[in-house]
Amino acid sequence: MFKRFFNALFLMLPANLLANEPKDWQLGFQKSASKSMSDIVWFHDYMLLPIITGITAFVLFLLLYTCIRYRASKNKVASTTSHNTIIEVIWTLVPCLILIVMAVPSFKVLYSQDTIPKADVTIKAIGYQWYWGYEYPDENIIFDSYMIADEDLKENQPRLLSVDNEVFVPVNKVIKVMITANDVLHAWALPSFGVKRDAVPGRINETWFKAERTGTFYGQCSELCGIKHAFMPITVNVVTEKEYNKWLEEAKIKFAKENLNNNIKLAKKVN
Ligand SMILES: [Cu+2]
């Protein structure tokens, strides 16, 4: 009964509220779609935020208390105390303890992102000035992914985030992403998956994600890489295994043809 009610409520929400992209006046993170991101959100919401709120409130209280209690009109003769061993030990030890408490879950999240499980699908993302190139090394698929200009946007395509050739991956599968660049530093970042890795020329960085739900997810280059840094977005479609296999078949033919035509054009230019 409750489930049905919430489902109905869910369907009544405007579509853009459920989209996996940044929203106007958004507070906090984008909705997570992977365990990695859920861990990051937990760490932020239940570890960092309460601690930082507590520290800020405590320091503010101390400041106000000192200002009022020791104001010049009520405290004619100022104290000359400059040392208090117990207080000094406390204000060294307590921050150390807070840092240790924070370090444990922090390292856990960090290492879980670094250990890549056996991959079901491997994709390679290559940063160029200013677009992304993708390869599916096991499937022989190679294509470039350019941002769609404002005047060519279709309905439901978010501005500055949509691309012509989108990446497709299956849901609930381990996707390994190899990231590199061809010219300058870029960074492949997808907030909903908790993924952000530098793309470094001459070096391959690796990361992974396992998308827990289907949908279209948007990211952007996150390393200042030149004049069109803001115009090389990332679009990843998470689909069912069946849809993914269908896309693979079509993509193999489509991109093979495109690449062949490009090579012919290039050969004609050279000659
Ligand atoms: Cu870039």
*Filter result for the condition that a residue is among the hydroxyl-bearing types (S, T, Y), within 18 Å of S106 (Cβ to Cβ) and out of contact with any Lys or Arg (no Cβ under 7 Å at 6 or more places or on another chain), over Y46, Y70*: Y46
_Residue under evaluation Y111, criteria (1) within 38 Å of the chain's Cα centre (by Cα); (2) within 20 Å of I52 (Cα to Cα), criterion not met_ = (2)
*Among L63, L48, which is the only one that is assigned to a helix (DSSP H, G or I) and in contact (Cβ under 8 Å) with a residue 24 or more places away in the chain?*
L48
*Kindly establish whether N237 is of a type outside the set (G, A, S) and closer than 21 Å to L153 by Cβ.*
yes
*Scan of the range 69-101 for residues that are over 20 Å from I52 (Cβ atoms), in a helix (DSSP H, G or I) and either small (G, A, S) or open to solvent by less than 100 Å² (accessible area, probe 1.4 Å) (or both), ordered by number*: I87, E88, V89
*Can you name every residue in the range 237-271 that is more than 19 Å from E135 (Cβ to Cβ) and in a helix (DSSP H, G or I)?*
E241, K242, E243, K246, I264, K265, A267, K268, K269, V270
*asked:* Are there strands (runs of 3 or more DSSP E) fully within the range 134-236 with at least 1 residues that are within 12 Å of the ligand (Cβ to nearest atom), open to solvent by 50 Å² or more (accessible area, probe 1.4 Å) and out of contact with any Pro (no Cβ under 8 Å at 6 or more places or on another chain)? List them.
replied: 195-199
*Mind listing whichever residues of the range 173-212 are of a type in the set (A, V, I, L, M, F, W, C) and within 26 Å of N245 (Cβ to Cβ)?*
V174, I175, V177, M178, I179, W188, L190, F193, V195, W208, F209, A211
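The values are calculated or read from the model by the stated rules, or taken from the named source; none is laboratory data. What you see is a predicted model; the values in this text were computed from it and never measured. Counting neighbours? That spans all protein chains shown, and the Cβs are built from the backbone with ideal geometry, glycine included. SASA here: full protein model, heavy atoms, side chains in, ligands and nucleic acids out. Shrake-Rupley method; radii C 1.70, N 1.55, O 1.52, S 1.80 Å.
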